[in-house]
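Input: a single structure, listed below in structure tokens.
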Amino acid sequence: MQRDASDPGRANLHSGDAAEAEMHAANPPPRPAPGMKPGRYRWRVCAMLLAATTISYVDRQVLGVLAPFLQARMGWSELDYSTIVTAFQAAYAIGLLGAGAVIDRFGTRIGYALSIGVWSLAAMSHALASGVLGFAAARFALGLGEAGNFPAAIKSVAEWFPQRERALAAGIFNSGSNIGAILAPMLVPVIAATWGWQAAFLFTGALSATWVTGWLLSYRTPDAQPKLSATERAHIGHEPPGPATRVPWLRLLRHRQAWAFAAAKFLTDPIWWFFLFWLPKFLHAKYGLDLLHLGPPLVAIFLCADVGSIAGGWLAGRLIRHGWSAARARKGAMLACALAVVPVAFAAKAGHLWLAVALIGLATAGHQGWSANVFTLASDMFPRHAVASVVGIGGFAGAVGGMLISTVVGLLLQFTGSYAPVFLLAGSAYLVALLVVHLLAPRLQPARLDPMPATGRPQASPEGNA
């Protein structure tokens with residue numbers, strides 16, 4: 001499983017603290033005894049991270065599911081709705097720049113609670129909004145809070161899991177992005193139809209607040225958790241922490257590989273944002289679906305996304321096992337995923353609802369498979385201590401692209417009323433992105449981040465500086 005196209009920081013699994021590394025070297029923790037099972041408490045922590053990620057995506061999807069109803073009730077124009085959506089994406093981009101520092105400063109227990117506390121209050125504040133500015137302000141606060149989810153979750157994984165288990169743990173909690181996108185269209189229409197649209201925002205905000213309470217009561221680092229067995233503590237801690245080196249963004253941007261990753265995110269993340277925030281409006285406008293009938297099509301679409309997220313990662317591994325080079329396998333899998341998105345160009349003209357659902361579902365599957373491989377590009381081309389920064393650059397680029405597409409979609413719908421140009425853009429974006437990646441990093445050669453020489457200028461990577 002991979003993370004939604006709009007969430008960076010998931011590769012920060014090897015960050016460490018210099019003092020901790022020195023202490024670890026001087027006093028290494030005992031290794032678990034051979035043959036002893038280490039226990040499973042760490043997987044309870046992973047389950048909490050999965051729950052938080054799921055709630056995050058339910059929270060951000062409430063507006064999209066309710067959009068057709070709220071637009072009619074509030075009298076929003078298409079540009080009004082795009083402004084509200086853009087507010088979330090702008091705050092998310094801004095939040096990504098500082099979320100990691102906040103988490104590092106206060107630790108995962110307090111930092112994660114602060115993040116979800118902010119987004120819980122922001123989610124519930126939607127119920128008080130009555131106009132464009134009110135909703136935009138609530139969405140902005142939600143974006144700031146949700147920006148901390150992945151940095152905090154990944155840091156928790158680094159604290160609680162040995163290196164060989166971190167990818168699995170990250171994949172499990174990240175699957176909450178698709179689970180949330182599936183649950184929202186199932187729960188929100190029923191809640192809104194029964195208790196009113198305000199109740200939908202209050203309900204999801206209350207879920208977040210409940211999670212924060214459980215987190216503060218139960219979460220401790222492994223060395224401070226009394227419920228953790230000595231065997232499992234040894235299992236978690238017998239590997240040394242990763243290097244504490246941090247590479248400045250400006251130094252990374254000298255390398256073509258960083259630009260290749262950022263370009264892939266900038267060109268394709270906006271398509272996922274479009275699917276998240278505009279599909280309910282499209283299905284309502286094109287097929288007349290009301291609130292209670294939006295659920296099944298949206299669930300089907302995001303179930304396809306789940307399948308695609310698994311298939312995309314499986315395909316690259318399969319090609320490597322068949323003797324393909326890593327670069328050729330990665331780009332081959334990305335090409336297959338990009339081609340799967342192409343038919344969505346015809347979705348706006350589909351004469352039947354379920355034909356449109358099939359085309360869009362294939363596209364979301366292609367996107368998630370593409371995203372799995374794009375995230376792997378960062379670890380393919382950069383050393384561990386730089387991966388988090390590279391993913392941060394790409395996530396920021398993707399959020400900026402999401403802001404732009406929201407404005408473009410709003411303008412197109414305001415003046416043409418047609419979704420056809422947007423689906424045409426979606427169908428071509430991935431092939432264009434793959435071409436850009438190939439031009440910037442034809443061999444996916446690892447960047448060489450040599451120590452800064454006396455001149456203060458870093459060495460060029462094998463594929464050159466940008």
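The values are calculated or read from the model by the stated rules, or taken from the named source; none is laboratory data. Here the structure is a predicted model, which means the values were calculated and not measured. A quick note on method: Cβ atoms are made from the backbone with ideal geometry, for glycine too, and the neighbour counts reach across all protein chains shown.
A few points about this structure:
- Just so you know, in the range 420-429 the residues that are buried (at least 17 other Cβ atoms within 10 Å of the Cβ) and in contact with a Leu (Cβ under 8 Å, 6 or more places away or on another chain) include one that is farthest from ALA378 (Cα to Cα), and it is VAL422.
- The range 86-119: number of residues that are touching a Leu at 6+ places or on another chain (Cβ under 8 Å) and among the hydrophobic types (A, V, I, L, M, F, W, C): 8
- At least 3 residues being in contact with a His (Cβ under 9 Å, 6 or more places away or on another chain) and within 25 Å of LYS286 (Cα to Cα) is the threshold, and among the helices (runs of 4 or more DSSP H) wholly inside the range 314-426 not one reaches it.
- If the condition is being surrounded by fewer than 19 Cβ atoms within 10 Å (Cβ to Cβ), under 16 Å from SER130 (Cβ atoms) and of a type in the set (A, V, I, L, M), then the range 58-107 contributes ALA72, MET74.
- Checking each residue in the range 48-78 for being touching a residue at least 12 places away in the same chain (Cβ under 8 Å) and over 19 Å from LEU202 (Cβ atoms) picks out MET48, LEU49, LEU50, THR53, PRO68, GLN71, TRP76, SER77, GLU78.
- No other residue among VAL157, VAL188, VAL212 is in contact (Cβ under 8 Å) with a residue 40 or more places away in the chain, under 19 Å from GLY295 (Cα atoms) and assigned to a helix (DSSP H, G or I) apart from VAL188.
- Test: THR194 is crowded, with 24+ Cβ neighbours inside 10 Å and hydroxyl-bearing (Ser, Thr, Tyr): no
- Among residues of the range 121-154, those that are surrounded by fewer than 20 Cβ atoms within 10 Å (Cβ to Cβ) and closer than 20 Å to ILE191 by Cβ, counted: 6
Here's the yes/no breakdown for (1) modelled with pLDDT under 85; (2) more than 30 Å from the chain's Cα centre (by Cα):
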position: ASP4; (1), (2): yes, no
position: PRO29; (1), (2): yes, yes
position: LEU49; (1), (2): no, no
position: PRO68; (1), (2): no, no
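- Taking the range 175-216 as the range and being within 17 Å of ARG60 (Cβ to Cβ) and small (Gly, Ala, Ser) as the test, the residues that pass are SER175, GLY176, SER177, GLY180, ALA181, ALA184, ALA192, ALA200, GLY205, ALA206, SER208, ALA209.
- Residues that are of a type outside the set (A, V, I, L, M) and in contact with a His (Cβ under 7 Å, 6 or more places away or on another chain), drawn from the range 269-279: TRP272
- Restricting the range 137-154 to residues that are assigned to a helix (DSSP H, G or I) and in contact with a Ser or Thr (Cβ under 6 Å, 6 or more places away or on another chain) leaves a set whose member that is modelled with the highest pLDDT is ALA138.
- The range 305-339, subset under 30 Å from GLY288 (Cβ atoms) and surrounded by 22 or more Cβ atoms within 10 Å (Cβ to Cβ), residue farthest from the chain's Cα centre (by Cα): GLY308
- Within the range 318-340, residues that are farther than 23 Å from GLY361 by Cα and modelled with pLDDT under 85 have Cβ atoms under 9 Å from residues that are outside any helix (DSSP H, G or I) and aliphatic (A, V, I, L, M) in these pairs: ALA326/LEU444, counting only partners at least 6 apart in sequence or on another chain.
- For the range 370-389, taking the residues that are modelled with pLDDT under 80 and among the β-branched types (Val, Ile, Thr), the one that is farthest from HIS255 (Cα to Cα) is identified as THR376.
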